[in-house]
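Input: a single structure, listed below in structure tokens.
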Amino acid sequence: NAGVTQTPKFQVLKTGQSMTLQCAQDMNHEYMSWYRQDPGMGLRLIHYSVGAGITDQGEVPNGYNVSRSTTEDFPLRLLSAAPSQTSVYFCASRATGFGSNQPQHFGDGTRLSIL
Amino acid sequence: SQKIEQNSEALNIQEGKTATLTCNYTNYSPAYLQWYRQDPGRGPVFLLLIRENEKEKRKERLKVTFDTTLKQSLFHITASQPADSATYLCALLDGGSQGNLIFGKGTKLSVKP
């Protein structure tokens, strides 16, 4: 009963490095999304996907790429890490239902520090 | 664009009392509103959903109200316990067609024994 699994849990990068945050869900959810959570800012949507092969930008997409080749996986790529990307990143998924009112299931986050 | 305000960053109450958290939105009334709980170091966990045509929803010690005239939802925890200490987030649709949620900044509840 894994739900949404995020790896790694912690990561330290140097400015300019690239990396991929992994997210996998085992609930066969079509909708997946990435948020970042910063003190005083709340959760902000980075990118989302409504199904395999379909992705779109959220509120704060700059500096991030996503792809969705399978229903289960939705990796988030930092192309060239910047200190402003220091944050806690959450992946979430939900079923697609009438009015899209299904609850979101979150992973436990990746805590990322950019030096 | 829609904005959400949870007007208390922190709320401290005594065990056994009722905690009341407020969520206000600024624009159109959403079809539904959700409440989540977040513990330190963990992701948010869904608690309750209330639809615009529902005035009140209950789940065990939790009660949520939704007033589209005031553009406000209230989240109540009755007979609060120290284990209820957490950050509580409200969320609603951003108005787009994809069903993306926007979240409030949360209210950190501390229940003292």
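So what's the net charge close to residue A:52: Lys and Arg +1, Asp and Glu -1, counting the other residues with Cβ under 11 Å from its Cβ?
Numbers: positive: A:68; negative: A:30, A:72, A:73.
Within the 11 Å Cβ shell, the charges total -2.
In whole Å, what are the extents of chain B along the principal axes defined by its C-alpha atoms, from largest to smallest?
The Cα atoms of chain B stretch 44, 30, 21 Å along the principal axes, largest first.
Would you rank A:32, A:27 by solvent-accessible area, highest first, keeping every protein chain in place and using a 1.4 Å probe? Intermediate results must be reported in sequence, preceding the final value.
On the way: A:32 0, A:27 60 Å².
My answer, sorted largest first, is A:27, A:32.
Kindly flag which residue pairs out of B:3/B:112; A:9/B:3; B:3/B:108 have an alpha-carbon separation exceeding 24 Å in this structure.
Numbers: B:3/B:112 31 Å; A:9/B:3 30 Å; B:3/B:108 19 Å.
Going by Cα-Cα distance, B:3/B:112; A:9/B:3 fall outside the 24 Å limit.
Counting protein heavy atoms only and a 1.4 angstrom probe, how many square angstrom of accessible surface do chains A and B bury in total, to the nearest 100? Please list the in-between numbers first.
Details: alone 6080 and 6480 Å², together 10910 Å².
For chain A against chain B, roughly 1600 Å² becomes buried.
Just the number please: accessible area per residue for the protein assembly as shown, 1.4 Å probe, all protein chains included, in Å².
Values: 10910 Å² over 228 residues.
Accessible area per residue: 48 Å².
As a test question: what accessible area, to the nearest 10 Å², does residue A:50 have when a 1.4 Å probe is rolled over all protein chains in place?
Residue A:50 has an accessible surface of roughly 40 Å² with all protein chains in place.
Other chains' Cβ within 10 Å of B:29-36 residues: what's the mean?
Details: counts 0, 1, 3, 3, 1, 4, 1, 4.
Rounded to a whole number, the mean comes out at 2.
Would you tell me the accessible area of residue B:85, worked out with a 1.4 angstrom probe on the heavy atoms of the protein chains, in Å² to the nearest 10?
So the heavy atoms of residue B:85 present about 40 Å² to solvent.
Find the centroid of the Cα atoms in the range B:37-86 and in the range A:18-83, then give the distance between the two in whole Å.
Using only Cα atoms to place each centre, the spacing works out to 27 Å.
Averaged across A:41-53, how many Cβ atoms of other chains sit within 10 Å of each residue's Cβ atom?
On the way: counts 1, 9, 12, 2, 5, 0, 0, 5, 1, 4, 0, 0, 0.
Going residue by residue through A:41-53 and averaging, the value is 3.
Identify which of B:75, B:46, B:66 has the largest mean-square fluctuation in a Gaussian network model of chain B, with springs joining Cα atoms closer than 10 Å.
Comparing B:75, B:46, B:66 in the GNM, the peak value goes to B:46.
From Cα pairs below 8 angstrom and at least 6 apart in sequence, can you work out the relative contact order of the range B:15-113, rounded to a whole percent?
Details: 208 pairs, mean separation 31.5, N = 99.
It rounds to 32 percent for the range B:15-113.
Counting pairs of alpha carbon atoms under 8 Å apart in space and at least six apart in sequence, what relative contact order in percent does the range A:15-115 give? Walk me through the intermediate numbers first.
Values: 233 pairs, mean separation 32.1, N = 101.
Relative contact order comes out at 32 percent.
Given N residues in the protein assembly as shown, what is Rg(Cα) / (2.2 N^0.38 Å)?
Numbers: Rg = 17.6 Å, N = 228, 2.2 N^0.38 = 17.3 Å.
This ratio for the protein assembly as shown stands at 1.02.
The values are calculated or read from the model by the stated rules, or taken from the named source; none is laboratory data. What you are looking at is a predicted structure, and each value in this text was computed from that prediction instead of being measured. Heads up, the Cβs are rebuilt from the backbone with ideal geometry, glycines too, and the neighbour counts pull from every protein chain shown. Side chains included, ligands, DNA and RNA excluded: accessible areas come from the protein's heavy atoms. Shrake-Rupley method; radii C 1.70, N 1.55, O 1.52, S 1.80 Å.
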